[in-house]
Amino acid sequence: MTAKIIDGKAFAAKLRERVVAETARLKREHNLVPGLATVLVGNDPASEVYIRNKGKTARELGYHAVHVPMPADASEADVLAQVKALNADRAVHGILVQMPLPKQVREAAVLDTLDPAKDVDALTPTNAGLLLGGRATLVSCTPLGVMMMLKETLGDIAGLDTIVIGRSLLFGKPAAQLLLAANATVTMAHSKTRDLPGLARRADILVAAIGKPEFVKRDWIKPGATVIDVGINRVDAGGGKTKLVGDVAYAEASEIAGQITPVPGGVGAMTIICLMRNTLIAACAQNGVPLPAL
């Protein structure tokens, strides 16, 4: 068996087309331009790349894009003051504070200060609670992208055994809630789980988001299962070079899986465009405009 590749770039391109069309309609019919603000504390190279790509995409879509760089030694009070200023800025509909933060700035304090209506990564306690209750308007970007790909690839996933390996606030927990809302039977696994390979082998859908390169092996995968690899790990490729790999040993897993996402070119391709989708929806919600079907 050779797994069918789930092409995240193709999914992202189709979603981008819909976002472009809705953005143009908003400007034409309501004189409304979605606004996205990013905040980066410090100069972590990976975070700088992520933020730069988000700003570039926002501008390409015709959004109002604001970036607020802050020094690595910025105090928590200064960071919270900046978040409050963006909360009050009516031209900004979405705010993303890049994680991780320096040790002197508490993530919880930032999320408690961020206006849930502008929380386009859906990490605030309010948005997490709305997701749990099945009432969320804004959903964390990467889990949202995964669910879009699963829906188009598999259709109805009701009753399917699903395992999510990883329990982070950013992905694992919201992904499990979305899968439950789609009536899948969900197991959440993590570093303390006993017999993880045995649990994984039961799953019709395996979602890996544990942050360990090529952690999930061929013999963990049920024949024909759908494998969603959320991991992005940079590893040594020899000769002083590096390469990106996922949390799944892709070459061997693709010999037994039915469908699989590659790294790169899989889940990651959906994340930024889902952020733009959330920003557009937030702009509509804040201005009393009917929410588009995206």
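The values are calculated or read from the model by the stated rules, or taken from the named source; none is laboratory data. Just so we're clear, the structure is a prediction, and the values are computed from it rather than from any experiment. All Cβ positions, glycine included, derive from the backbone under ideal geometry; neighbour counts span all protein chains shown. The protein model used for the area step is the full one, side chains on, heavy atoms only, and it has no ligands, DNA or RNA in it. Shrake-Rupley method; radii C 1.70, N 1.55, O 1.52, S 1.80 Å.
Helix-derived [θ] at 222 nm for the chain: sum -39500 (n - 2.57) over DSSP H runs of at least 4, divide by residue count, nearest 500? Working shown, then result.
Details: 10 runs with 119 residues, N = 294.
Computed ellipticity for the chain at 222 nm equals -12500 deg cm²/dmol.
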Quiz item: How large is ³J(HN,Hα) for each residue in region 117-134, as worked out from phi by the Karplus curve 6.51 cos²θ - 1.76 cosθ + 1.60 (θ = phi - 60°), to whole Hz, x for Gly and Pro?
Solution: 5, 10, 7, 6, 9, 6, 10, 5, x, 4, 5, 5, x, 5, 5, 4, x, x
Practice problem: Calculate the dipole size of the chain relative to its Cα centre from +1 charges on Lys and Arg beta carbons and -1 charges on Asp and Glu beta carbons; express the result in debye to the nearest 20. | Solution: 320 debye
Quiz item: Ranked from the most accessible area to the least, with a 1.4 Å probe and all protein chains present, what is the order of Arg52, Arg277?
Solution: Arg52, Arg277
Exercise. Working with all protein chains in place, sort Asp115, Asp156 by solvent-accessible area computed with a 1.4 Å probe, largest first.
Key: Asp156, Asp115
Exercise. Whole Å is fine, so just give me how far the alpha carbon centre of region 117-133 lies from that of region 1-68.
Key: 19 Å
Exercise. Go through His190, Gln177, Met149 and say which Cα lies farthest out towards the positive end of the charge dipole of region 102-196; charges sit on Cβ, +1 for Lys and Arg, -1 for Asp and Glu.
Key: His190
Quiz prompt | Cα centre as origin, Lys/Arg/Asp/Glu Cβ charges: region 185-233 dipole, Debye | solution = 160 debye
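Given the Cα atoms of the chain, and with Rh set as the inverse mean 1/r over their pairs in the Kirkwood sense, what is Rg to Rh to two decimals? Before the final figure, lay out the partial values.
Numbers: Rg = 19.3 Å, Rh = 19.8 Å.
With Rg and the Kirkwood Rh in hand, the quotient comes to 0.97.
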Quiz item: Under the classification rounded if a/c is under 1.5, otherwise prolate if a/b is larger than b/c and oblate if not, where does region 1-106 fall, given a ≥ b ≥ c as square roots of the Cα gyration tensor eigenvalues?
Solution: oblate
Practice problem: With a 1.4 Å probe and every protein chain left in place, work out the accessible area per residue of the chain in Å², rounded to a whole number. | Solution: 47 Å²
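Where the accessible area of region 129-216 is counted over protein heavy atoms with a 1.4 Å probe, how much of it, in %, is carbon and sulfur? Could you put the intermediate results ahead of the total?
Values: 2090 of 4100 Å².
With neighbouring chains kept in place, the figure for region 129-216 is 51 percent.
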Exercise. Name the most mobile residue of Gly224, Gly42, Gly239, meaning the one with the largest mean-square fluctuation, in a Gaussian network model of the chain with Cα contacts below 10 Å.
Key: Gly239
Quiz item: Picking from Gly231, Gly62, Gly166, which is most flexible by a Gaussian network model of the chain using Cα springs under 10 Å?
Solution: Gly62
Quiz prompt | Apportionment of accessible area to carbon and sulfur, region 32-97, percent (1.4 Å) | solution = 54 percent
Practice problem: Just the number, please: percent antiparallel of the DSSP beta bridges in the chain, rounded to the nearest 5. | Solution: 15 percent
Quiz prompt | Gap separating the Cα centres of region 278-294 and region 147-172, nearest whole Å | solution = 25 Å
